[in-house]
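For reference, the structure discussed in these notes is given below.
The values are calculated or read from the model by the stated rules, or taken from the named source; none is laboratory data. Just so it is clear, the structure is predicted and the values come from calculations on it, not from any experiment. Backbone-built Cβ (ideal geometry, glycine too); neighbour counts: all protein chains shown. What goes into the accessible areas is simple: the full protein's heavy atoms, side chains included, and nothing from ligands, DNA or RNA. Shrake-Rupley method; radii C 1.70, N 1.55, O 1.52, S 1.80 Å.
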Amino acid sequence: MLRFIAMRLFKAAIILIAIVTLNFFLIHAAPGDPAAVMAGEAGAADEIFLQQLREQFGLDKPLLTQLGLYLSGILQLDLGFSYRQQMPVADLIWDRLPATLLLTFTAFVISLVLGTLAGVLASARVGKWSDTIISTVALLFYATPLYWIALMAVLLFSVQLNWLPGFGYETVGGNFTGFARLLDIAQHLVLPALTLGLFFMAVYMRMTRASMLEVSTMDFVKTAKAKGLKPGIIQRRHIFRNAMLPVVTLAGLQAGQLVGGAVLTETVFAWPGIGRLMFDALAQRDYNVLLGVFFVSAAMVLVFNLITDILYRVVDPRIRAS
Amino acid sequence: MTFQDKASPILTIENLQVALPEGADRPFAVDDVSLTLRAGEILCIVGESGSGKSMSANAMMGLLPDLVVPSGGKIMFDGMDLLTLSNAERMEVRGKRIAMIFQEPMSALNPLMRVEDQIAEVFEAHGLLTPKERKARAVELLTEVGIPDPAKAATAYPFQLSGGQRQRVVIAMALALEPDVLIADEPTTALDVTTQAQILELIADLQKSHGMAVMFITHDFGVVAEIADRVAVMQFGKIVEQGTADDVLKNPTHDYTRKLLAAIPKLDPNAVFEPIKSKTILEVIALTKTYRSGGGLFGGPERVVHAVQDVNFRLGVGETLGVVGESGSGKSSVGRCLVRLQDPDSGSVLFAGDDMAKLSGENLRAARKSVQMIFQDPFSSLNPRTKVGKIISEGPIAHGVKPSVAYEKARELLELVGLDKSAFDRFPHEFSGGQRQRIGIARALALEPKVIIADEAVSALDVSIQAQVLDLLAELKERLNLSLVFITHDLRVAAKICDRIAVMQKGRVVELGPTQDVFNAPKSDYTRALIEAIPGRAQELEAAS
């Protein structure tokens with residue numbers, strides 16, 4: 001197992017360097033650079049000023065040299081400096097990371113738990129009205145554009161009913177501390193986390209339902225019935241565990257994207273997370289911030305892929321052996 | 001046999017009727033079936049696919065598919081009618097009073113649970129023993145069914161066991177609570193012939209030592225001859241004949257039984273095959289193929305399987321060479337190397353002056369035309385979304401024949417293999433297994449090959465259909481002067497149609513000779529073991545002498 005993990009980490013490092021390099025060239029292939037954007041905003045777009053900015057940012061060096069500098073920085077865990085924000089990129093990301101993780105992780109748990117539960121329920125009552133209702137509701141959340149659900153949630157629960165705050169991470173000027181602050185953040189979290197979670201819940205629900213139904217027709221389920229086992233035990237021990245394999249795959253894929261953030265949700269709810277950081281950096285051609293966000297999210301995808309594969313080995317003895 | 005006299009009925013099926021959903025090819029899966037099971041007796045239910053034999057068994061266990069329901073009759077067991085039990089009563093009977101073993105040992109066990117846990121579940125389901133005692137009993141049961149190293153097998157996962165071992169685990173689970181009745185639904189069909197012989201012996205032994213009543217479902221009269229006390233023959237959901245094994249096998253009274261018995265390829269020790277002295281059309285020299293998995297740049301230890309090792313044989317014009325062996329013996333790999341579906345690692349396949357093993361590109365394409373393959377599974381080897389006519393004419397068109405000419409030829413071929421011309425515009429799913437295999441043959445013939453490789457071409461077919469397809473192959477071979485490499489695990493089939501036989505074991509040819517020599521005077525121990533394991537052979541030889 002340790003050998004397997006070491007090998008995978010080694011492979012992951014190579015993949016990560018490849019991703020960083022590819023991103024580097026892709027970003028530089030886009031028209032415009034941070035100097036041009038900053039000069040444009042300052043209303044001083046003359047060549048000398050631009051040249052100065054480029055020298056200051058190191059943009060005047062040959063592209064390969066820039067890449068070499070960036071990669072050697074990465075190896076020392078230095079993600080570079082954002083001239084736009086006048087802050088090290090790592091600090092910028094570090095500041096935003098908790099908010100994003102809080103939002104995406106909550107949504108992830110909501111979608112995984114509710115989705116799997118709903119899928120199990122629907123499969124146990126396949127063809128009955130409860131199955132139809134669960135499937136329809138799930139489909140409704142999946143088919144409706146995320147930002148529309150977000151806006152409607154804000155309109156209903158914040159504007160009309162005034163139950164929950166509709167934007168931000170905590171109450172501006174609230175100056176809460178301790179438990180009161182936690183409660184404040186939790187209240188702000190409800191709407192964005194539910195919006196995001198319900199969207200993905202539909203995917204888990206449909207996959208769990210289909211997988212449970214497929215497994216329930218397998219021979220070993222018949223063997224279990226022939227033993228005289230109770231339906232509940234058969235459902236739990238034989239069908240559910242086998243049906244979870246594809247769900248674990250999906251969860252791994254989704255978990256990898258937790259850090260990438262939810263650009264739409266964060267934008268609608270003014271959630272100060274990485275998604276918004278990336279969106280702003282894109283508009284401002286803030287190369288180092290963009291590359292930094294890409295780097296961190298790529299690293300997370302790889303880490304969660306590894307976790308998924310380890311989980312697979314725990315769940316399925318056949319994979320452990322191969 | 002005098003079991004009827006000494007044993008009283010333990011389970012009686014009275015006029016059982018099981019309805020199929022609307023739109024099925026007949027209204028009842030099981031129609032007016034009456035049977036009696038007695039303690040200490042093995043009752044074989046024999047029939048071809050769709051005869052209703054499995055449905056009868058599933059009705060007893062309450063394991064019928066959702067849309068299939070019992071619509072009449074009774075199944076009386078210990079004063080209860082099994083058809084009218086509540087769910088709780090049914091769970092009480094299942095596993096404890098009536099146990100069942102299934103056809104497919106590969107899929108009958110939960111892949112994610114250890115063997116001991118799966119056996120322990122039987123006790124758990126009926127609230128017996130402590131968890132620790134359950135595991136101890138599991139090892140005892142595994143010992144009783146003859147698994148090597150039972151303690152280790154108990155903690156294994158199913159995928160770590162062979163097919164025969166898994167079937168022993170399933171049998172151990174069925175025996176756990178000493179049931180009165182054991183239902184075995186084709187328990188040896190998926191197994192190799194030597195493993196099958198062992199499992200049949202095990203079931204017969206256990207039946208005697210536990211005094212159970214066994215209902216044994218099979219399509220194979222050889223198996224019936226080995227273990228049955230009494231036999232019931234089913235066709236289209238009805239029992240057409242039942243009686244003692246001796247009576248039914250030796251003096252069948254119903255036409256269908258006679259037809260089934262006649263369709264079994266006979267092992268005739270006196271049959272003489274004229275040696276084929278024609279010139280060689282295909283010669284295989286030192287063919288070798290090794291599979292490697294794992295390993296690679298970052299992987300762990302490499303797994304190496306020597307599938308084909310130094311295989312040599314020649315095939316004469318008009319000859320049928322049988323390649324027989326058990327699963328994993330490398331017989332299919334040889335076939336695939338011959339048509340270059342797989343590239344051999346080394347060795348030569350000489351055909352018409354070319355080495356097929358070394359050809360590439362256009363030359364390989366041209367040579368492939370002359371060596372065609374018929375596959376095992378008539379269901380998955382035909383593209384379900386392509387019309388039959390297209391399937392057959394695809395090959396010739398790819399080789400430059402004008403479509404109109406190829407279509408005309410396809411229609412002729414359909415008639416040649418005994419189908420109607422109208423089959424041209426239909427899809428594969430509209431045909432039965434035997435008809436599809438005829439389509440597969442027509443497809444192979446479309447390229448006017450000189451050599452045909454038939455890989456288990458009749459293994460998936462019922463015995464009566466099997467006989468028809470074998471006759472068709474023999475007739476076509478004669479008419480078109482084809483040479484045939486016939487790959488099979490079924491020695492009866494090989495004995496019927498092959499001129500010479502090559503016996504393969506672990507990638508090597510251990511014996512090669514004229515069919516009657518291989519059967520009557522086998523030189524290798526392995527060949528002898530294979531022949532002795534053929535179900536029903538002893539009884540057949542006894543009857544013949």
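Observations
- A straight chain from A:Q86 to A:V113 at 0.36 nm per residue would run longer than the Cα-Cα distance by 5.6 nm.
- Calculated FRET efficiency, A:K61 to B:H429, Cβ-Cβ distance, R0 = 60 Å: about 0.35 to the nearest 0.05.
- In the stretch B:87-113, burial by the other protein chains removes 20 Å² or more of 1.4 Å probe accessible surface, compared with the chain on its own, from B:M91, B:R94, B:F102, B:S107, B:A108, B:N110, B:P111, B:L112, B:M113.
- Projecting the Cα atoms of A:G119, A:S72, A:L103 onto the charge dipole of the stretch A:31-173, computed from C-beta unit charges around the Cα centre, puts A:G119 farthest toward the positive end.
- A 1.4 Å probe over all protein chains sorts B:I285, B:I487 by accessible area into B:I285, B:I487, starting with the largest.
- Taking all Cα-Cα distances within chain A, those exceeding 37 Å account for 33%.
- Of B:K208/B:K266; B:K74/B:K238; B:K277/B:K477; B:K279/B:K369; B:K369/B:K409, pairs whose Cα-Cα distance is over 24 Å: B:K208/B:K266
- What a 1.4 Å probe finds exposed on chain B is 50% carbon and sulfur by accessible area, rounded to a whole percent.
- Where Rh is the Kirkwood radius over Cα pairs, Rg/Rh for the stretch A:74-151: 1.27
- With all projection directions averaged, the alpha carbon convex hull of the protein assembly as shown covers 48.4 nm².
- Extending 7 Å from the Cα toward the beta-carbon at both A:Y312 and B:T155 defines two label points whose distance is 2.6 nm.
- Inter-label distance, A:V190 to A:S72: 5.4 nm, where each label sits 7 Å from its Cα along the C-beta direction.
- Between the beta carbons of B:T386 and B:K421, assuming R0 = 25 Å, the FRET efficiency works out to 0.90 to the nearest 0.05.
- Electrostatic tally near B:G52: other residues with Cβ closer than 10 Å to its Cβ, Lys and Arg +1, Asp and Glu -1, net +2.
- Charged-residue dipole, Cβ positions (Lys, Arg, Asp, Glu), the stretch A:95-212 about Cα centre, Debye nearest 20: 380
- Mean Kyte hydropathy of -1.0 or more with a Cα span along the axis of at least 27 Å, helices from DSSP in chain A: A:2-29, A:89-124, A:178-216, A:287-315
- Length-normalised contact order for chain A - Cα pairs under 8 Å, 6+ apart - percent: 25
- The stretch B:98-170 and the stretch A:166-182 have their alpha-carbon centroids 58 Å apart.
- Counting only DSSP beta bridges with both residues in chain B, the antiparallel share comes to about 55 percent.
- Size of the A/B contact, given as accessible area buried on both chains, probe 1.4 Å, in Å²: 2500
- In a reduced charge model with +1 at each Lys and Arg Cβ and -1 at each Asp and Glu Cβ, the stretch B:175-239 shows a dipole moment near 240 debye about its Cα centre.
- Viscosity 0.692 mPa s, 37 °C: Kirkwood-radius Stokes-Einstein D of chain B over Cα pairs, µm²/s: 128
- Solvent exposure of A:L264, expressed as accessible area, is near 90 Å², computed with a probe of 1.4 Å over the protein chains only.
- Dipole axis of the protein assembly as shown (+1 Lys, Arg; -1 Asp, Glu on Cβ), positive-most option in A:Y169, A:A29, B:V349: A:A29
- Dipole of chain B, positive direction: furthest Cα of B:I441, B:A125, B:I203, with charges on the beta-carbon: B:I441
- B:K421 accessible area, assembled protein chains, probe 1.4 Å, Å²: 90
- Each Lys and Arg adds +1 at its Cβ and each Asp and Glu adds -1 at its Cβ; summed about the Cα centre, chain B shows a dipole of about 1660 debye.
- Environment charge of B:L480, counting only residues whose C-beta is closer than 13 Å and scoring Lys/Arg +1, Asp/Glu -1: -1
- Heavy-atom accessible area, probed at 1.4 angstrom with all protein chains present, ranks B:S209, B:S422 as B:S209, B:S422, highest first.
- Net length gained if the chain between B:H254 and B:D345 were fully extended (0.36 nm per residue, minus Cα distance): 27.4 nm
- Rounded to the nearest 10 Å², the accessible area of A:K128 at probe 1.4 Å: 120
- Sorted largest first by accessible area at a 1.4 angstrom probe radius, with every protein chain in place, the residues A:W271, A:W148, A:W163, A:W129 fall in the order A:W129, A:W163, A:W148, A:W271.
- For the stretch A:60-107 and the stretch B:34-53, distance of Cα centres in Å: 74
- Expressed as a whole percent, the accessible surface of the stretch A:88-224 that belongs to carbon and sulfur atoms is 72, based on a 1.4 Å probe.
- Whichever aspartates and glutamates have a C-alpha closer than 17 Å to that of B:K331, once near sequence neighbours (fewer than 8 apart) are set aside: B:D192, B:E283, B:D310, B:D343, B:D345, B:D377, B:D455, B:E456, B:D490, B:E511
- DSSP bridge pairs, the stretch B:426-545: antiparallel proportion in percent, nearest 5: 55
- A loss of 50 Å² or more of accessible area (1.4 Å probe, protein heavy atoms, ligands and nucleic acids excluded) relative to the isolated chain is seen in these residues of the stretch B:131-175: B:F159.
- Computed FRET value (nearest 0.05) for A:F4 with A:A283, which takes r as the C-beta separation and R₀ as 41 Å: 0.45
- Amide H to amide H, with H built 1.01 Å from N, B:V510 comes under 5 Å of B:V503, B:M504, B:Q505, counting only residues 5 or more places away or on other chains.
- The amide H of B:A184, built 1.01 Å from its N in the peptide plane, has B:I101, B:M215, B:F216, B:I217 as neighbours under 5 Å, considering only residues 5 or more places off or on other chains.
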